[in-house]
1. Find the residue count for region A:80-119, including only residues that are β-branched (Val, Ile, Thr) and facing chain B (nearest Cβ under 8 Å).
2. Would you check which residues across region A:1-51 are in contact (Cβ under 8 Å) with a residue 60 or more places away in the chain, small (Gly, Ala, Ser), away from chain B (no Cβ under 14 Å) and open to solvent by 40 Å² or more (accessible area, probe 1.4 Å) and list them?
3. Which ones in region B:99-138 are free of Cβ contacts under 8 Å to residues at least 60 places away in the same chain and either open to solvent by less than 20 Å² (accessible area, probe 1.4 Å) or charged (D, E, K, R) (or both)?
4. Checking A:Leu28 against (1) on the phi > 0 side of the Ramachandran plot; (2) not in a strand (DSSP E or B): exactly one of these is not met. Which one?
5. For B:Asp92, work out the one condition from (1) open to solvent by 20 Å² or more (accessible area, probe 1.4 Å); (2) touching a Phe, Trp or Tyr at 6+ places or on another chain (Cβ under 9 Å) it doesn't fulfil.
6. Which count do you get for residues in region A:52-65 that are in contact (Cβ under 8 Å) with a residue 24 or more places away in the chain and more than 15 Å from the chain's Cα centre (by Cα)?
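The values are calculated or read from the model by the stated rules, or taken from the named source; none is laboratory data. Predicted model only: the values in this text are computed from it and were never measured. Glycine gets a Cβ as well: all are built from the backbone with ideal geometry, and neighbour counts include every protein chain shown. Ligands, DNA and RNA are excluded from the accessible area calculation, which covers all protein heavy atoms including side chains. Shrake-Rupley method; radii C 1.70, N 1.55, O 1.52, S 1.80 Å.
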Protein chains: 2
Amino acid sequence: MTLRIVHRIGIAAPPPRAYRALATRSGLINWWTWHITGEPALGEVFHAKFGNGTFSIRVLELTQDLRVRWTCTGGPKEWVGTEISFELAPGDRETVIGFVHAGWQETGEIMAHCNSKWGYYLLSLKTWVEDGKGSPYPEDRKISSWG
Amino acid sequence: MTLRIVHRIGIAAPPPRAYRALATRSGLINWWTWHITGEPALGEVFHAKFGNGTFSIRVLELTQDLRVRWTCTGGPKEWVGTEISFELAPGDRETVIGFVHAGWQETGEIMAHCNSKWGYYLLSLKTWVEDGKGSPYPEDRKISSWG
């Protein structure tokens, strides 16, 4: 059995606006990291660089306004083979994002750090879509000396 | 088998300052919720109120500058019987907080919401200890229509 990180946030915007922030390079650079190379197109691999490593990510699914699914194909060994998904559900006043990062091998300090950091970046996604103000790497708040 | 939420943050302050924020009522009201009744003393039950419920929490362990451990004895059914711990580890430039909320029965939307919210409050703990500026409930950022 493998372990998963789960988050849930609501974005006060219709699904297409949240989807664009997840499914395009211009979206990702505004809430996740400035350093995205390649395009997050279906079947393609793009690279997301942070201070402590570069993650290579293949886009497994892009379902318009509904779901984005990735798998990590290169980078820190804890991430390789894990799967990340963003599920969009329209609500009365918001689009709910159900986030899952599945396939972790152990609940160690690295998973804990990444969980805290995903929470932070998902709030950055929220403020980017709602207000046009994200806090992507390297403008992000450092949560510890690990970044 | 039960499920756990894990977070890891570093606070640029010595362990006693982080410990005080976790082990005293005056600490908790400055980063978690204004509405703490009772004292978080060893063996005692205190109550932490938020918009969507009140959590009754028994203090299982208070090990000076090292560890605080709670169990939830009342409140939303998903929380009752779960155990929360904060482990403090001194580092070169920071005190690392290892947070665990264990005993979840399912990885549903409520666990996802609570995980995102814990990440937020642990950053509130960090800014409270480092800068004297926390963002406890009800001054916290709402992450969705759930609070």
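1. Residues that pass the stated criteria total 2.
2. A:Gly51
3. B:Glu109, B:Ala112, B:His113, B:Ser116, B:Lys117, B:Asp131, B:Lys133
4. Unmet condition: (1).
5. If we test B:Asp92 against (1) open to solvent by 20 Å² or more (accessible area, probe 1.4 Å); (2) touching a Phe, Trp or Tyr at 6+ places or on another chain (Cβ under 9 Å), just (2) comes out false.
6. The total comes to 3.
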